[in-house]
1. How many residues, within segment B:340-377, are part of a helix (DSSP H, G or I) and closer than 19 Å to B:Val289 by Cβ?
2. Can you work out which of the residues in segment A:335-366 that are more than 18 Å from A:Tyr392 (Cα to Cα) and crowded, with 16+ Cβ neighbours inside 10 Å is farthest from the chain's Cα centre (by Cα)?
3. Just checking, how many residues over segment B:369-385 are crowded, with 24+ Cβ neighbours inside 10 Å, of a type in the set (A, V, I, L, M, F, W, C) and either at the interface with chain A (Cβ under 8 Å from one of its Cβ atoms) or farther than 22 Å from B:Ala93 by Cβ (or both)?
4. Of the residues in segment A:398-408, how many are among the charged types (D, E, K, R) and surrounded by 15 or more Cβ atoms within 10 Å (Cβ to Cβ)?
5. So the check is Cβ under 9 Å with 6+ separation or different chains; which pairs have a first residue in segment B:144-173 that's assigned by TED's automatic domain parsing to the domain that holds B:Gly187 and closer than 24 Å to B:Pro245 by Cβ and a second one that's in a helix (DSSP H, G or I) and hydroxyl-bearing (Ser, Thr, Tyr)?
6. From A:Thr84, A:Thr89, A:Thr119, grab the single residue that is surrounded by fewer than 20 Cβ atoms within 10 Å (Cβ to Cβ), more than 12 Å from chain B (Cβ to nearest Cβ) and either over 26 Å from the mean Cα position of the chain (by Cα) or closer than 19 Å to A:Ala186 by Cβ (or both).
7. With respect to the numbered conditions (1) under 30 Å from B:Ser358 (Cβ atoms); (2) away from chain A (no Cβ under 13 Å); (3) of a type in the set (A, V, I, L, M, F, W, C), which one is the sole condition not fulfilled by B:Val295?
8. Looking at B:Thr109, is it assigned by TED's automatic domain parsing to the domain that holds B:Ala209, in contact with a Gly (Cβ under 7 Å, 6 or more places away or on another chain) and touching a residue at least 60 places away in the same chain (Cβ under 8 Å)?
Amino acid sequence: MTSIGLPFTKHTLANGLDVIVHESRQVPIVAVNIWYHVGSKNERPGRTGFAHLFEHLMFEGSAHHPAGYFPPLQQAGALLNGSTNTDRTNYWEVVPTSAIDLALWMESDRMGYLLPAVTPERFETQRDVVLNERRQNYENRPYGMALMAITAALYPPEHPYHWMTIGAAEDLRAMRLDDVHAFFRAYYHPANASLALAGDIETARAFDLAERYFGELAAGPKPEPVTASGTLTREHRLLLEDRIELPRVYMAWHSPAMFADGDAEMDLLADLLANGKTSRLYRTLVYERRIAVDVSAYQGSRELASYFLVAATAAPGQSLTDIASAIDAELQIVIDKGPSPAEMQRAAAQIEAHFLYRLQTVGGFGGKSDQLNAYNTYCGDPAYFSRDIARYRQATEERVQAAAARVLRFDARVVLSVVPHGRDALGLAGSERIAVS
Amino acid sequence: MGVDRSRPPEVGADPAFRFPDIVRHTLSNGLDLRTVEHRAVPVVTIVVQVEGGSGADPARQEGLAAIAADMVDEGTGSLSAIDVSDAIARLGAEYDVDVGPDVTTFSLTTLARFAERGMSLLADLVIRPSLRDGDFQRVRQLRLDRLRQLKDVAPAVAERAFLRLLYGEHPYGHLAIGTDAALRELGVDDVAGFHRGRFVPAQSTLIVAGDMTHEEMRALAERVFGGWEDHAVPVAWGRASEIEPAPNAGARLAIVPREGAAQSELRIGHLSSRRNTPDYPALLVMNSVLGGQFVSRVNLKLREEKGFTYGARTGFDWRRGLAPFSLSASVHTAATAEAVQDAHAELEGLRGSRPVISTELVLAKASLTRGYPRNFETAGQVARGVAQLALYGLPDTYFQEFVPKVNAVAGDDVTRVAAAYLDPSRLTTLVVGDHPAVIDSLRRLFGDPVLMSPEV
């Protein structure tokens, strides 16, 4: 086993901003990465999609540089982006070492002084941009509304995972500029943020710069943690029509929350079920019986609660009923007997490689700075990297089997059939037809 | 000490960066080996690039190169397709295939300590694939099913129709996956013939980048790939890049109807340039100004000013032969005609009526050059970069010369190449969208459209 580590130094500024520094001097670039511990889980019904729309506004400029966030950074050779999910919003720049001051100035300005730059015109335009994003990535994409239907069925209406981060179109249309101000004051400040700097920078200098640009900002309130619960008490069979050729069946379960007992095991289970030709479901459904054209499995790890998802697309002329029973049969085998030693050996090799590959880039989504912030935001400790590897290495056959048996209940799941328009008969028997918009 | 917020801080001089040294060696069988030491993480990336991508598909055999590439990991020697997948997983390796217009690239990334096992496996796959009929039938059926699904994926429909419109019957005129009719006629013997003729060491490049010395990489390559036999009878294949596409006469509008679509998928462009043009740096800058990055005329207009789209961009789809320049965006159905008009205006404007201004030029050049070293962070990035040099016959000094060459581009150069390589009178405008909702406004602008099926 290779020793794999992600060394760092962490200090918290007086205003509560966590600052994490990792030195890596191979390439003259520095990754600046900021996580705000806010996502669509902090929204409420009727105002869904707001956290993500807000992320767009963060790129429109701030009080001392109202002319847009991109131009000075692109002119410095930066790559930059941001993203929002249910649990957090992240922003990053990868800049040449010479532009670190600029990046920190820009990030601190929008953390401290965003609102004067958010004009009604910019707000309206970004709302339109987001509505376009929603049409492009969900409404106009095959099977694009499936996950929306699934999350709505998995969680009760008041649960913040009931809706997807992109939000409902009518909610986006109903939002007002006042909402932006309230949201900024509630969530965007040092006490609710974590800053990671990784790359070609000396640790002491990185802390000096963080203090210099962010130290003057007021701490702000620490938001109350969000709590929510929901259980499934039966199998929910749903049916959705879409502009597609081949029907697909999805199965979804509640599963252990991110980093909770069983989370790593379910992640490993997803791999052994559907990652590569060797995986159980691919081999049975696609390779041997050829009743499906693709199959996937996924442990969607999230802060409040996770979901485990299996999906398979029917080969032409094949029935979702046969596919669903073939999936159930394979799940029953893994519940009864657990993984094989060979599967666990393969997983061990992949875990080691996967964690090592994660150390190749300092910035961007999934780079070292992003990982340090993830561990810090979710676990309060960037050092969780090594414990993260450990929980995968410690996942035995027995533990994976136990997690599978606990999660994969046939009497507590959502089963969604997606069928071509007008072909409801291709769905699983007893499915309730639903509409998602 | 407070921060001066009156203006953003100045950016210092670009930090020095030593671009990777490429060491070349030709194996006795003619295989072109290029090695790069990359010691950041104990990982190695191995790339085998063979001549012949989708542009090498014979007429009525569209999809042959891609299915041949797909068959490579379907078994070798005593290993079945399942065994191969298992072997890759046991190395913790990432295996990837890319079928381009001119070449096909196989790459494998693994832990440095598995370099020998990884390279041996990759060599077995590329040189000695089993090519069994049973596997072929399954793989072909999956590709036919995929083609059927692509009819509902608007960007894929657009790509497919656009290539067809621009290239017609030219070998570049189809997607790598090919066509339903051609795939149905293909047999495993066609794949074997393609493999025999195209997968030959003297026309291939092997690139190794990772946590090893040049000597170690070379010795390993000799051991593993030295036994790849060259064929006694060389076959003279024509290259797609050497065939001149028929020029399209004038501007035209094409629509692929997509009933009830919430967005219109747009492609606007024409065949423009070859990758090896000396104007390449100026074209990169021109593209950056026009639509190659977030802060560009097209994106600022269509997204940030009008809110018509989640994003609009322009780019060259480079290849050895004549490559398309195009604008692409997915826009709100109701905004289709106005978005198309705005897009045309931007392409026209840069040619003279609204030439590039100095702030745009500085921004475009800086965005291409100042962050350039970040493209050399991982072994995989480096290996892929070197593969591009091999593909286009570019010198080993290319990376070092990139920044000075881009920085030497002047505003007049941008205007000159925009005039020379963009021609609004020849633009093909393709809309994949809700035909009844968009047809009237588009017809008023462009006249009657060519109607195309999503299957082309």
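1. 25
2. Looking at the filtered set, the residue picked out is A:Ile335.
3. 1
4. The qualifying residues number 2.
5. Qualifying pairs under 9 Å: B:Pro171/B:Ser54; B:Tyr172/B:Ser54; B:Tyr172/B:Ser241; B:Gly173/B:Tyr167.
6. The conditions single out A:Thr119.
7. Condition not satisfied by B:Val295: (2).
8. On the way: assigned by TED's automatic domain parsing to the domain that holds B:Ala209: yes; in contact with a Gly (Cβ under 7 Å, 6 or more places away or on another chain): yes; touching a residue at least 60 places away in the same chain (Cβ under 8 Å): yes.
For B:Thr109, the condition - assigned by TED's automatic domain parsing to the domain that holds B:Ala209, in contact with a Gly (Cβ under 7 Å, 6 or more places away or on another chain) and touching a residue at least 60 places away in the same chain (Cβ under 8 Å) - is met.
The values are calculated or read from the model by the stated rules, or taken from the named source; none is laboratory data. All of these numbers come straight from a predicted model, not from anything done at the bench. With ideal geometry, Cβ positions are generated from the backbone for all residues, glycine too; neighbour counts draw on all protein chains shown.
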